[in-house]
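Presented below is the structure to which this report refers.
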Amino acid sequence: MTADAAPPDYKIEIAPVTFDLSPHRRIRTNAYNGQVPGPLLRLQENREVTIEVTNRGGAPEVVHWHGLALPSDIDGAMEEGTPPIAPNTTARYSFTPRPAGFRWYHTHTMAMGDLTRAQYGGQHGFLSIEPRQNPARYDQELFLALHDWEGRLLASDDGAMNPTYKASTINGKALGFGEPLRVRQGQRVLIHILNSSPTETHWIAFAGHPLRVIALDGNPVPTPQVVPMLRLAPAERVCALVEMNNPGVWVLGEVRKHVQAAGMGIVVEYAERGGAPRWQQPQELQWSYQQFAAPRAAEPGQATVVPLVFESKFRGHGAMEAWTINGKSYPEVASAPMRKGERYRLQLINASQDDHPLHLHRHSFELLGPGVPLGPAGSDSWTPPEGFSRGIMKDVVLVSARTRAEVEFVADNPGATLFHCHQQNHMDLGFMMLFNYG
Ligand SMILES: [Cu+2]
């Protein structure tokens, strides 16, 4: 962050806002520029930008530019050395956005037990990093953010406390309450969906319309596929092309009925069409990352293996669980020694009973095939079922309970690099570590 007299390209103010999720649900939360989601920032790839952030939110803040390869002191995580923005002060983030794609920005603070703060609140917005040449062909772009609100802690089966939510929204509005998305017959619409939920994975379908997935976490996939629904873990993004060839009024929303009933949906209206919005209930949940991989499996290359075992630590009835990586919680987790320019294979061994959306800052990683179930303790030997599938580049991967997944990345952006679970309650309670290389 530099003190520069030139006017910034963008100004963002963090401040409390009161708004209606639905006719009978009004909330107060911190937001960017008075709106949820915050303003869509369209940035040019490799063209330096200056964003001025004023913090009127009442507590120290930091803005994380999720999915970008930035230096540690600007990336937006205090653990990496980005300075916090004190209340009632202004900071400047000057950086060169890359790589191109659908990214986002959000707060990177801790909530601990307060389910109105950090990612539980309204501080999230879209970033579109636009390449010099844009080969994608579409008539309209839509940006949609999924979010869950008014969390409270409830005891799960084992007695540990987990958040549940009273309301769920798309772009801050419950189904039927906000303005519909307006489309025309014959359009090709590119939909960018972000899951900005603090803790929940969501399943999204668009009634009457298959979705052609072309990018995951903003990065083009080797094999685009037409799918009936999307699964998005917290912080994941999906870009999908849709042909508007089924005129009517439709619902795009959560596949699971109770989540849609809590508000997660939006009406899509063709021009000159009216009537009640229609929903078509899919029978089962379907998703896999692997369907988007390169058609031919590749042999494993040279990479240094970094085994990471994730476990929970029960802290008693009525408490949230703590989380460990290789037996220790942040900040005690030992930083894996790494060297610039080397390729690393992270073995993500989820020995816990929960799914975890794992996020690596400042880098993208490549998925190495489907997660495989863990055998009985001590018996794990990982052999990918059908070779290494290549070419899916992401910055978040959902690792299901009791499975093991592997990702590879090149240590090409020196500096402190945070690796953590993107579920706010897990990150708050120790599920973080730093990689560091000079
Ligand atoms: Cu987690």
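What follows draws every value from the coordinates through simple rules; no lab data is involved. Note that the structure is predicted; figures quoted are calculated from it, not measured. For neighbour counting, all protein chains shown are included, and Cβ atoms are generated from backbone atoms with ideal geometry for every residue, glycine included.
Under 5 Å between amide H atoms, partner at least 5 residues away or on a different chain: which partners does ALA77 have, H built in plane at 1.01 Å?
So ALA77 has HN proximity to THR82.
Out of GLY113, GLY101, GLY38, any idea which swings most in a Gaussian network model of the chain, alpha carbons joined below 10 Å?
Per the Cα network of the chain with a 10 Å cutoff, GLY113 tops the list.
Restricting to the chain, compute how many DSSP beta bridges are antiparallel as a %, nearest 5.
75
Between GLY172, GLY57, GLY186, which gets the highest mean-square fluctuation from a Gaussian network model of the chain, Cα cutoff 10 Å?
GLY186
Got a sec? Charge dipole of the stretch 158-294, +1 on Cβ for Lys and Arg, -1 for Asp and Glu; which of PRO277, PRO198, SER288 is way out at the positive end?
Checking the options against the dipole of the stretch 158-294, the answer is PRO277.
Assigning unit charges at the beta carbon (Lys, Arg +1; Asp, Glu -1) and nothing else, what dipole magnitude in debye, to the nearest 20, does the stretch 126-268 show about its Cα centre?
400
Would you list the P(r) distribution for the stretch 225-310, with all Cα-Cα distances sorted into 10 Å bins from 0 and each bin expressed as a whole %?
12, 33, 30, 14, 9, 3
Scale the Cα Rg of the stretch 41-113 by the rule-of-thumb value 2.2 N^0.38 Å and send over the ratio, two decimals.
1.10
Could you list which residues have their amide H under 5 Å from that of ALA319, counting only those 5 or more apart in sequence or on another chain, with H placed in the peptide plane?
Long-range HN contacts for ALA319: MET161.
Can you compute the charge dipole magnitude of the chain about its Cα centre, using +1 on each Lys and Arg Cβ and -1 on each Asp and Glu Cβ, nothing else charged? Give it in debye, rounded to the nearest 20.
The calculated dipole for the chain is roughly 700 debye.
Could you tell me whether the stretch 1-154 comes out rounded, prolate or oblate from its Cα gyration tensor? Rule is a ≥ b ≥ c as square roots of the eigenvalues, rounded for a/c under 1.5, then prolate if a/b exceeds b/c, otherwise oblate.
Oblate is the answer for the stretch 1-154, as a/c is 1.5 or above yet b/c matches or exceeds a/b.
Using just the C-alpha positions of the stretch 1-87 as equal point scatterers, what log10 of I(q)/I(0) does the Debye formula give at each q in 0.15, 0.18, 0.19, 0.21 1/Å?
-0.66, -0.91, -0.99, -1.15
Tell me, rounded to the nearest percent, the portion of alpha carbon pairs in the stretch 92-210 spaced more than 18 Å apart.
64
The chain: D in µm²/s via Stokes-Einstein (Kirkwood Rh, Cα pairs, 4 °C, 1.567 mPa s)?
This corresponds to a translational diffusion coefficient of 58 µm²/s.
Tell me, what HN-Hα J-couplings in whole Hz come from the Karplus equation 6.51 cos²θ - 1.76 cosθ + 1.60 at θ = phi - 60° for each residue of the stretch 47-61, using x for Gly and Pro?
10, 4, 9, 10, 10, 9, 10, 10, 9, 10, x, x, 8, x, 9
Classify the stretch 164-249 as rounded, prolate or oblate, taking a ≥ b ≥ c as the square roots of the eigenvalues of its Cα gyration tensor: rounded when a/c is under 1.5, otherwise prolate if a/b is larger than b/c and oblate if not.
Taking the square roots of the gyration eigenvalues as a ≥ b ≥ c, the stretch 164-249 is oblate.
What is the Cα centroid distance between the stretch 404-432 and the stretch 116-189, reported in whole angstrom?
23
Mind listing the phi-derived Karplus ³J(HN,Hα) values for the stretch 245-260, rounded to whole Hz, using 6.51, -1.76 and 1.60 with θ = phi - 60°, and x for any glycine or proline?
10, 9, x, x, 10, 10, 9, 9, x, 5, 6, 6, 4, 5, 7, 5
If the elastic network links every pair of Cα atoms under 10 Å, which of PRO180, PRO23, PRO131 fluctuates the most in the Gaussian network model of the chain?
Checking each option, the largest mean-square fluctuation is seen for PRO23.
Nearest-5 percent of antiparallel DSSP beta bridges in the stretch 301-367?
40
Of LEU40, PRO331, THR29, which is farthest on the positive side of the dipole of the chain, counting Cα position, with +1 on Lys and Arg Cβ, -1 on Asp and Glu Cβ, and the Cα centre as origin?
With unit charges placed on the Cβ atoms, the residue in question is LEU40.
If one computes the Cα centroid of the stretch 18-69 and of the stretch 256-313, what distance in Å separates the two points?
25
Work out from phi, with θ = phi - 60° and the Karplus expression 6.51 cos²θ - 1.76 cosθ + 1.60, the ³J(HN,Hα) of each residue of the stretch 301-307, listed in order in whole Hz, and give x for Gly and Pro.
Working through the residues one at a time gives x, 7, 8, 7, 7, 10, x Hz.
Where does the chain land at 222 nm, in deg cm²/dmol rounded to the nearest 500, when only DSSP H runs of n ≥ 4 count, each adding -39500 (n - 2.57), divided by all residues?
That calculation yields -500 deg cm²/dmol at 222 nm.
Can you list residues from other chains, or at least 5 along the same chain, whose modelled amide H is less than 5 Å from the amide H of VAL255?
Sorted by chain and number, the residues that satisfy this are TRP203, ILE204, ALA205.
Hey, got a sec? Which GluC sites (Glu not before Pro) in the stretch 301-334 land in a DSSP loop and have at most 13 other Cβ atoms within 10 Å?
Within the stretch 301-334, the qualifying GluC sites (Glu not before Pro) (loop, at most 13 other Cβ atoms within 10 Å) are GLU332.
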